[in-house]
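Let me begin by presenting the structure, written as C-alpha cells, before commenting on it.
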Amino acid sequence: MTINIEYETDIDIKLDYEDIITKVIEGSVDYVGCPYEAEVNVTLTDNASIHEINRDYREVDRPTDVLSFPMIDYVTPGDFDALQDEFDMDPGSYFNPDTGELMLGDIVISVEKVFEQAESYGHSTKRELAFLVAHSMMHLFGYDHMEEDEAKVMEAKQEEVLTMLGITRDDGECARQSIAVSDDLKKRLIKSAKAVMKHAYAPYSGFKVGAAVLAQSGKIYTGCNIENISYGATNCAERTAIFKAVSEGERELLAIAIVSCKGEITYPCGICRQVMSEFMSKDSTVVLDSDSGVKEYTLSELLPHSFDKF
Ligand code: THU
C-alpha cells in the first residue's frame, strides 16, 4: 500500500503524524476488507488553504476540518466485488499504471482545525487527527452522512476502526486494554480461521485446525497446525497465527478464533494458552466455533491464575 503524505503548512502539529495517519489508513483498508493494494494521498495544510480548496472544488466559502476526494464511484459503499466489471473494463481509471495499486483518493486536513476541535471536544490532538483520517477513509470507501441512517452506519464504522487501533477519546496514547470486538469482526475471524484450516498439515493426526487473530493494528493474521514426524515438533494453529502476527511487528492481540475440521468446539492446548497470555490481555476474546454454534471466553477464563510477572 502506498500512502503519500504532504505537509504543507508552517504550523507544527507536534505529533508523529505520519505514524498515526499510516495506522488509521491501513486499519481502515483492512477493516473494509479492500482486496487490492491501495494508494491514498494525504495533505496536511492550514485553514487558509483548505478554505481555498473548499471554495474551488465544493463552492463552500469557508475553512473546514477535512476534505475527501474519492476516486471510486461505489455501487454499494465498501463493496469492491460489485465494481469488478468496471475495474476490468477500464483499469487505467482506477489503478495506478506504475504500481498497479487501486487509487482510493485524496484527503486534505487542516492542522489548525485539528488543534481547535481537539480543544473543543476535550480530547487529544492524536485522537482528533485519527478521527478525521478514519472519517475521510470512510468517504473514500463510498460512505456518506447526508441521511441520518447512512450517517449512523458511517459513524459506527469509523469509531470501530479507531477502537480497534486503541485510539479512544479519553486516551490518545494506546495501552494494552480490553476492547469490545464487534460481532462482525468475530464472524470475520471465524471465516478467516475456516479458510486457513484448508492449509493444515496434519498427516499424523488427521485433525486440521485453523486460527485467526485480530491484532491491535486492525490486521487479521491466520494460522494452521503444522505437524512433524517427530510429533513433538508440531506447531498448533493458534501459535502459527500468533507467531505470524508477532513476526510482522504486532505486540497486542485483541481476539482469536479457533475452528477444527471435526466441527466440534476445539479448546486451545495449554501451551497455546500460555503463548496467548504473552500477547493478549486477560479479558481479550477467544471465539470457538463449531457446527452447533459459537462459544466465547475471555483469556482469563481459559487460563486462570496465569503466571504473570517475575
Ligand atoms: N492442535 C491445534 O492446532 N490446536 C489446538 O489447540 C489443539 C491441537 C493440533 C495439533 C496437532 O496437529 C493436532 O491438532 C492433534 O493434536
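Taking into account only those residues within the stretch 218-249 that are closer than 22 Å to residue 182 by Cβ and in contact with a Phe, Trp or Tyr (Cβ under 7 Å, 6 or more places away or on another chain), which is farthest from the ligand (Cβ to nearest atom)? By that ranking, first place goes to 218. Considering only the stretch 132-147, I want to know if a residue exists there that is part of a helix (DSSP H, G or I) and among the hydroxyl-bearing types (Ser, Thr, Tyr). Yes, the stretch 132-147 contains at least one residue that is part of a helix (DSSP H, G or I) and among the hydroxyl-bearing types (Ser, Thr, Tyr).
Mind checking which residues of the stretch 256-273 are of a type in the set (D, E, K, R) and either under 12 Å from residue 306 (Cα atoms) or part of a helix (DSSP H, G or I) (or both)?
Within the stretch 256-273, the subset of a type in the set (D, E, K, R) is 262, 264, 273.
Across the stretch 256-273, the qualifying residue is only 273.
Quick check on this structure: which one of 60, 75, 42 is over 23 Å from residue 132 (Cα atoms) and either surrounded by 12 or more Cβ atoms within 10 Å (Cβ to Cβ) or β-branched (Val, Ile, Thr) (or both)?
Values: 60 fails: over 23 Å from residue 132 (Cα atoms); 42 fails: over 23 Å from residue 132 (Cα atoms).
Answer to the check: 75.
Looking across the stretch 197-214, the residues that are surrounded by 23 or more Cβ atoms within 10 Å (Cβ to Cβ) and more than 8 Å from the ligand (Cβ to nearest atom) come down to 197, 210, 212, 213, 214.
What tally of residues in the stretch 18-43 results from selecting those that are without any contact (Cβ under 8 Å) to a residue 60 or more places away in the chain and either under 8 Å from the mean Cα position of the chain (by Cα) or closer than 19 Å to residue 189 by Cα (or both)? Give the steps one after another, and end with the answer.
The first filter runs over the stretch 18-43 and keeps only residues without any contact (Cβ under 8 Å) to a residue 60 or more places away in the chain, leaving 18-19, 22, 35.
Filter once more, so that each one left must be either under 8 Å from the mean Cα position of the chain (by Cα) or closer than 19 Å to residue 189 by Cα (or both): 35.
The number of residues fulfilling the criteria is 1.
A quick yes/no check of all residues on (1) surrounded by fewer than 17 Cβ atoms within 10 Å (Cβ to Cβ); (2) among the charged types (D, E, K, R); (3) over 21 Å from residue 77 (Cβ atoms):
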residue: 115; (1), (2), (3): yes, no, yes
residue: 118; (1), (2), (3): no, no, yes
residue: 133; (1), (2), (3): no, no, no
residue: 147; (1), (2), (3): yes, yes, no
residue: 150; (1), (2), (3): yes, yes, no
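Filtering the stretch 168-183 for residues that are part of a helix (DSSP H, G or I), away from the ligand (no atom under 16 Å from the Cβ) and modelled with pLDDT of 95 or more leaves an empty set. If we scan the stretch 274-288, do we find a residue that is assigned to a loop (DSSP other than H, G, I, E, B), outside the structural domain of residue 21 (by TED's automatic domain parsing) and surrounded by fewer than 17 Cβ atoms within 10 Å (Cβ to Cβ)? Checking the stretch 274-288: not a single residue is assigned to a loop (DSSP other than H, G, I, E, B), outside the structural domain of residue 21 (by TED's automatic domain parsing) and surrounded by fewer than 17 Cβ atoms within 10 Å (Cβ to Cβ). The set of residues in the stretch 85-99 being closer than 12 Å to residue 71 by Cβ and polar (S, T, N, Q) consists of 93, 96.
Could you tell me whether the stretch 101-116 includes any residue that is in a helix (DSSP H, G or I) and of a type in the set (Phe, Trp, Tyr)?
Step one: filter the stretch 101-116 for residues in a helix (DSSP H, G or I), giving 111-116.
Subset that is of a type in the set (Phe, Trp, Tyr): 115.
Yes, the stretch 101-116 contains a residue that is in a helix (DSSP H, G or I) and of a type in the set (Phe, Trp, Tyr).
Filter the stretch 61-92 for residues that are in a loop (DSSP other than H, G, I, E, B) and hydrophobic (A, V, I, L, M, F, W, C); which is nearest to the chain's Cα centre (by Cα)?
Taking the stretch 61-92 first, the residues in a loop (DSSP other than H, G, I, E, B) are 61-65, 71-80, 90.
Imposing the further condition that a residue be hydrophobic (A, V, I, L, M, F, W, C) reduces the set to 71-72, 75, 80.
On the way: 71: 21, 72: 21, 75: 23, 80: 17 Å.
Across the stretch 61-92, the extreme among qualifying residues is 80.
The values are calculated or read from the model by the stated rules, or taken from the named source; none is laboratory data. In this text, all values refer to a predicted model and were calculated from it rather than measured experimentally. Counting neighbours? That spans all protein chains shown, and the Cβs are built from the backbone with ideal geometry, glycine included.
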